[in-house]
Amino acid sequence: ASFAAGVETLQNEGAYAVMAAAKALEQRTGKDVIHLEIGQPGFDTPQPIVEAGVQALQSGQTRYSNPAGISSLRHEIARFARDQRGISWCEEANVVVGPGAKPALFFACLALVRGSHDRVIIPDPGFPTYNAMVQVAGGTAVPVKLRTDQRGYNMKALREAVDEDTRVVVVNSPGNPTGGVMPEDDLAELAALAREKDFWVISDEIYAQLCYEDRYVSIGSMEGMADRTVVVDGFSKSYCMTGWRLGWGIMPKRLAERVELLLVHSVGCTATFVQQGGVAALQKASQQVDEVREIYRARRDLVVKGLNAMAGVRCEVPQGAFYAWADVSALGIPVRELAKRLLEEGYVAVLPGTDFGEQGEGFLRLSYVSEEAALKEGLRRMGSMLKRL
Ligand code: PLP
């Protein structure tokens, strides 16, 4: 092998590959592609956040800061976690800030996985970074299928997958790529299992503020979970801040200290002025988050309705995030081929479900972050292309 075992077989995130292919097609043909593959908000970052970042730059906050994050941001995050997620045990010392949710996921995984005997259960279909981080950490990833309604793990399959070597179970609710929110009963069952079998839970809650249900429950708020939960969240999705690179992890202090050391020796710290944008987001932008969520809700309804009107396509109503997970298995075409044809013949970019795991065969992921007119046009192109198959 030319490279480290955990790196040699790494693959690109499908969204990046499809975006590149779509851009190339646009250049080659001069035609526009409707982009339903992208997982980032089209809105600008709310103004109070931008102003706080600019102000911080102008006032000279351009030096190294605490590797785990500036105190004011950790304080705000801890308050947010207690008030909005019911994570009553969260204090400043439990919060580690990093350049995105991805590094928080990665470093928590690196700190927890002790060797290939440590098994990490990940959702299938699921966010590709979960598999990558386990691979790099040298653990064994165990993909477990979801419920047929896509609302998180199939609990029977999960119970069967757990054994004495299970070190971590990764939860992602609302989930990428399905938009599914795990029912509270299933979360409670998982929490009980974690206590009984003594494993950790990494709960990726990056879409929690984009949950369309009345109530959101974090597994980190459940009884007996304070010692064994890492709650990962960030600013990218809910505050339209993907390019700022800012996220966090909430975890027991003893783990936070280890993750902080990983940050010390890798990124050093997260950009200081960027963190001031984060403080402003938590203090001043909750109304914008609510507004954006309602816009996405309307787009979700439009896209799901449009998909279900196509012959051979079925789509559950997702409860969160900004993705529709369309069941196209009735069309009988491998989804990688279908997605390629939709792009090259229909000029609409979507992701094949197989980018998210083996269980994604038969599904396409459509992101509904774009404006209504683009979504309508995307659906129109997809519908007419499917008719021509
Ligand atoms: N977690 C999930 C489930 C995601 O879908 C994404 C982004 O696509 C991330 C984490 C990454 O977030 P960040 O931009 O904060 O690194």
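Laid out as a table, the results:
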{"read-out": "Region 109-191, Rg to Rh (Cα coordinates; Rh as Kirkwood inverse mean 1/r)", "value": "0.96"}
{"read-out": "Translational D in µm²/s for region 1-103 (Stokes-Einstein at 20 °C, 1.002 mPa s, Kirkwood Rh from C-alpha pairs)", "value": "117"}
{"read-out": "More than 15 angstrom apart: percent of Cα pairs within region 220-317", "value": "74"}
{"read-out": "Equivalent-ellipsoid semi-axes of region 47-285, from the Cα gyration tensor, Å, largest first", "value": "29, 19, 15"}
{"read-out": "Neighbour-limited loop hits for trypsin sites (Lys or Arg not before Pro), region 138-185 (at most 11 other Cβ within 10 Å; DSSP other than H, G, I, E, B)", "value": "none"}
{"read-out": "Extension gain (nm, one decimal) between ALA188 and GLU377, 0.36 nm per residue minus Cα-Cα", "value": "63.9 nm"}
{"read-out": "Loop GluC sites (Glu not before Pro), region 174-246, which have at most 13 other Cβ atoms in a 10 Å radius of their Cβ (DSSP)", "value": "GLU213, GLU223"}
{"read-out": "Principal-axis tilt of helix 101-112 within the chain, Cα atoms, nearest 10 degrees", "value": "60"}
{"read-out": "Assigned charges on the beta-carbon of Lys, Arg, Asp, Glu; region 47-285 dipole about Cα centre (debye)", "value": "580"}
{"read-out": "Coordinate range along principal axes, alpha carbons of region 286-389, Å, largest first", "value": "43, 28, 21"}
{"read-out": "Unit charges at the beta carbon, dipole of region 47-285: most positive-side option, VAL217, THR272, SER203", "value": "THR272"}
{"read-out": "Cross-link pairs beyond the 23 Å C-alpha cut-off, checked among LYS237/LYS387; LYS102/LYS305; LYS31/LYS237; LYS102/LYS156; LYS340/LYS387", "value": "LYS237/LYS387; LYS102/LYS305; LYS31/LYS237; LYS102/LYS156"}
{"read-out": "Helix-only CD estimate at 222 nm, as mean residue ellipticity for the chain, using -39500 (n - 2.57) per DSSP H run (n ≥ 4)", "value": "-13500 deg cm²/dmol"}
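We did not get these values from a lab; they are worked out from the coordinates using the rules stated. Bear in mind that the values here come from a model prediction, so they are computed numbers and not experimental data. A quick note on method: Cβ atoms are made from the backbone with ideal geometry, for glycine too, and the neighbour counts reach across all protein chains shown.
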